[in-house]
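Have a look at the structure below, then the notes.
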Amino acid sequence: MRIITRISEMHALADSIRNEGRTIGFVPTMGFLHEGHLSLMRQARQECEVAAVSIFVNPTQFGPAEDFDRYPHDEDGDRRKCESAGIDVLFIPKATEMYPSKPTVFVTVERISDILEGAIRPGHFRGVVTVVSKLFNIVKPHKAFLGQKDYQQCAVIKRMVTGLNMDVEVVVLPTVRERDGLAMSSRNSYLNPEERRAAAVIPRALSSAEQLVKAGVNEPEKVKNKVLAVLREERGIVIDYVELVDQESLEPLASMQENAVILVAVRFGQTRLIDNYVL
Ligand code: AMP
């Protein structure tokens, strides 16, 4: 596995791979890798001739009161995991390499960046979209592999790719879960044992919605209220939002329709967790 910290070196390698007619599959991450990341890496490995991963905790997507300074990291462990997943290239730049000076160039996707996660984390998606477009320009992938766990992020990045005519295919893969259904996340490491136990209410609430819909309930409000009721069974939970929205536009649904997704964001103590269920 080749480890690259410089943009110029990554550019040169990406060019030479492309000149040889080989395809590049890319998995952008913030590190502290888990099975969710590994499933994306294995798919990149399978679908493309060269599999590349980036690890970069991007300062511009964190708000001032968020967890940038304490975001978990394990560089040695991550390197071993990438190697054992058959990754060919690990791009792991320093913040000064990605942002040599205070950034003045940003990429924004309007509307769907401003609702849900974007409403609670102003500027978050501007940071995400900017860094992902930089990473796409640096790694020059043919395909990028993203996790459905971050549903809105996938929707925003797809809009960016379409809107800017980027020659990258976005592949979205299913959420990998713990045994009790909790979506894997680097941030799960923040949870204390009691919070970790309680967090299993999130997948329980989502599957209660699934059951309701399967039983024929088709008012979004009823489905949403059921999810809220199950979540509230755990004292100590703070619910940021539960919304039933259109899978593409992420606009609220007036009536139940086929292309619906439920998006959930909650907090346990200092830890914010998101999840979703595609109906
Ligand atoms: P992160 O390191 O949290 O920025 O995530 C990097 C990529 O891994 C993103 O595309 C995430 O959506 C994806 N990812 C994170 N958690 C999971 C999971 N539990 N299952 C599948 N993909 C995931």
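The trypsin sites (Lys or Arg not before Pro) of region 140-194 that DSSP puts in a loop, and whose beta carbon has at most 12 other beta carbons within 10 Å, are 179. Taking a Cβ cut-off of under 14 Å around residue 97, the surrounding Lys, Arg, Asp and Glu residues balance to a net charge of +2, with basic ones at +1 and acidic ones at -1. For region 229-279, trypsin sites (Lys or Arg not before Pro) are listed when DSSP marks them as loop and at most 11 other Cβ atoms sit within 10 Å of their Cβ; the list is 235. Report, in degrees rounded to the nearest 10, the 0 to 90 angle that the Cα long axis of helix 75-84 makes with the longest principal axis of the chain. Taking the Cα atoms of the chain, the angle to 75-84 is about 80 degrees. Here the spin labels are modelled as points 7 Å beyond Cα on the Cα-Cβ line, and at residue 222 and residue 67 they lie 3.7 nm apart. Working from Cα pairs under 8 Å separated by at least six residues, relative contact order for the chain is 17 percent.
For region 1-49, the list of GluC sites (Glu not before Pro) that fall in a loop by DSSP and count at most 15 other C-beta atoms within 10 angstrom reads 20, 49. The length gained by stretching the chain between residue 257 and residue 95 to full extension, at 0.36 nm per residue less their Cα-Cα distance, is 54.0 nm. For region 173-191 and region 1-68, write down the distance between their C-alpha centroids in whole Å. Computed from Cα coordinates, the inter-centre distance equals 21 Å. Pairs 158/222; 81/143; 143/226; 149/226; 102/143; 143/214: which exceed 26 Å Cα-Cα? Pairs exceeding the cut-off: 158/222; 143/226; 102/143; 143/214.
Values in this text are rule-based calculations from the coordinates and carry no lab data. Only a predicted model underlies this, so the values are computations on that prediction, with no experimental measurement involved. Every residue, glycine among them, receives a Cβ derived from its backbone with ideal geometry; neighbour counts consider all protein chains shown.
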